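Data first, discussion second: the structure below is written as structure tokens.
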Amino acid sequence: MPRHRDPLSPKVVYRTARVGLRVTRAQRRRMVRLLVSAGDVWACVLELNTWRQARQGRLLVSYQELCRELACAGPNTFGELDSVGARSVLRRYSDAWFAAAKRRRKGDQRARFPRRRRALMPLRWHHGTFTLQARRLRIPVARGRPPLWVRLDQDPPYPPEQIRSVTLLYDAGRLWVDVTAEVPVACYPDGQKPDPARIAGVDLGIIHPYAVAGPDGQGLLVSGRAIRAEHRMRLADTKARARAVAHRAPKPGQRGSRRWRHYRRRQRLAEARHRRRVRQAQHEAAKTVIIWAVDRRIGTLAVGDPRGVLKLDAGRRHNQRTRDWRIGHLITVLADKAEAAGIRLQLVDERGTSSTCPACRSRIPKPAGRVLTCPACQFTGHRDLSAAANIAARLGGGTTPALPAGVTHRRAGAHLPGVAPSRRDPRRRAHHRGARGSPGRHRPARTSLAQAGPGVARHLARSLNTTR
Ligand SMILES: [Zn+2]
């Protein structure tokens, strides 16, 4: 719940970053116990309300009532957990309950009230209750217990005075802290502020997560091939792993062995690593778009929303592709970053934009490759950029000229393994000279002939001669 602010104060947005923890075994045990205690608080509230419902009593759902009930329980009911942490669980319950009630009032009968117990529950501490000094974090515990100081594995991406809360949580076998900060919306010097009349269209795709067409024939293409490769490697990896262990899988109703439990743990870690990689790459791609837009003083982004067609069943291969796309996340990260940069973002119906000529508006069949050619007016251009220009036109932006003035190319996911020789993917087969389909030994990219040395220059000269 955001705090009350003076309406005249500068605009802010709330942003959260997840940071890992570097802890000793004893610290880890204490923090897991805190999370278990939080799960106990949650279970208590569920049970309390089940009990009251069985007696046709009034449910306790408001935050204040639940806090009063917690105060009645007295200190040390929930081990080391302090009252601020315990109240954060009550806040979570209350928010979830009222959100479900609101959705049900609107007629959504699928919305359900909180009913499931959880072994571990995230805990949140607001500003003033925790201490964060550089990478050292003091997590509050119940009075009389030894203080709990832990170390973050990297600096939070926000200045310390902006940090408003920390959330302790457990995900895929690791402890994390979500650091939430109050970030002011970007201010610009005179004449550099994004102009809302300058509109750019954004086409969302798989090969290019973002293709952006701006005014004056400016374009930006962010390549998502590394992300797609990561998805494919993960699929192949998952299948191979499943094949290898299928004969050891416990039968239905049978208790899994210790070996099986270890396998499941490794599987969860690999899945979590994959999710983090894709997430990070999509964040970077969105940031590229925003930096590009700010440089060109673009104040409005028209984003084609293709989510209407995703419900259609398109066969298992294409369904997998659209699931991997994570289109909702692509839109969310772009919207969040646009808001923080003071750029307006509007969703536009994108139907037909990739099969319309941006020059003469005639319908053309969707090309299989990346180049769109119009049979009516001989327009030729990049398919995704043309779609982006059509999307911009739906919001009143200009269309791209036949030859774009300048297209910037960027890649998403420079951190993904396999995109550079220095980040070899252990899941890929090593490149050997004799292996089939091997591109040969990796060599660093040549920057210039002078740097490459005489041998390479000679080799280049020879290959140029032969190609001519
Ligand atoms: Zn045309």
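The values are calculated or read from the model by the stated rules, or taken from the named source; none is laboratory data. A quick note: this is a predicted structure, and the numbers were derived from the prediction, not measured. Please note: Cβ atoms are built from the backbone with ideal geometry, for glycine as well, and neighbour counts cover all protein chains shown. Only protein heavy atoms, including side chains, enter the accessible area calculation; ligands, DNA and RNA are left aside. Shrake-Rupley method; radii C 1.70, N 1.55, O 1.52, S 1.80 Å.
Once both labels are positioned 7 Å from their Cα atoms along Cα-to-Cβ, the gap between residue 376 and residue 132 label points is 5.5 nm. Projecting the Cα positions of 120, 158, 364 onto the charge dipole of the chain (unit charges on Cβ atoms of Lys, Arg, Asp and Glu, taken about the Cα centre) puts 120 furthest along the positive direction. Look at the alpha carbon pairs under 8 Å that are at least 6 residues apart: their mean separation over the length of the stretch 187-251 gives a relative contact order of 18 percent. Sort the stretch 1-149 into rounded, prolate or oblate with this rule: let a ≥ b ≥ c be the square roots of the eigenvalues of the Cα gyration tensor; rounded if a/c is under 1.5, and if a/c is not under 1.5, prolate when a/b is larger than b/c, oblate otherwise. In terms of gyration-tensor shape, oblate. For the chain, 44, 67, 72, 187 stand unpaired, since no other cysteine beta carbon lies under 4.7 Å from theirs.
Axis of helix 63-73 versus longest Cα principal axis of the chain: the two differ by about 40°, to the nearest ten degrees.
Shown here are the Rg and Dmax of the Cα trace of the chain, at 27.2, 92 Å. The packing ranking of peptides 199-212, 314-327, highest mean first, is 199-212, 314-327, where packing means the average number of other beta carbon atoms within 10 angstrom of each residue. From the alpha carbon centroid of the stretch 347-380 to that of the stretch 218-281 is 37 Å. Across the options 412, 260, 170, the greatest Cα extent toward the positive end of the charge dipole of the chain (unit charges at beta carbon of Lys, Arg, Asp, Glu) belongs to 260. Take the Cβ atoms of residue 362 and residue 8, set R0 to 45 Å, and the FRET efficiency comes out at 0.30. With a Förster radius of 25 Å applied to the beta-carbon distance between residue 329 and residue 408, the computed FRET efficiency rounds to 0.65. Taken per residue, the accessible surface of the chain reaches 61 Å², heavy atoms only and a 1.4 Å probe. The residue list 185, 205, 315 was ranked by how far each Cα lies along the charge dipole of the chain toward its positive end, using unit charges on Cβ atoms, and 315 comes out on top.
Report summary: the helix-based calculation at 222 nm, which adds -39500 (n - 2.57) for every DSSP H run with n ≥ 4 and divides by the residues of the chain, gives -13000 deg cm²/dmol. With contacts taken as Cα pairs under 8 Å and at least 6 residues apart, the stretch 208-317 reaches a relative contact order of 28 percent. Peptide packing: for 246-258, 123-135, the average count of neighbouring Cβ atoms within 10 Å per residue gives the ranking 123-135, 246-258, highest mean first.
Under a model in which nothing but the beta-carbon of Lys, Arg (+1) and Asp, Glu (-1) is charged, the stretch 1-145 shows a dipole of about 620 debye around its Cα centre. Put a plus charge on the Cβ of each Lys and Arg, a minus charge on the Cβ of each Asp and Glu, and nothing anywhere else: the dipole of the chain about its Cα centre is then about 3000 debye.
Each Cα pair under 8 Å and six or more residues apart adds its sequence gap; the mean of these over the residue count of the chain is a relative contact order of 16 percent. In terms of its alpha-carbon gyration tensor, the stretch 1-88 comes out oblate; a/c meets the 1.5 threshold, while b/c is at least as large as a/b. Antiparallel beta bridges, as assigned by DSSP with both residues in the chain, represent about 70 percent of the total such bridges.
Legend: calculated FRET efficiency, residue 119 to residue 55, from the Cβ-Cβ distance at R0 = 30 Å, rounded to 0.05, equals 0.60.
Taken along the Cα-to-beta-carbon direction at a fixed 7 Å, the label points for residue 22 and residue 310 span 3.8 nm. Counting only protein heavy atoms and a probe of 1.4 Å, the accessible surface of the chain is 51% carbon and sulfur.
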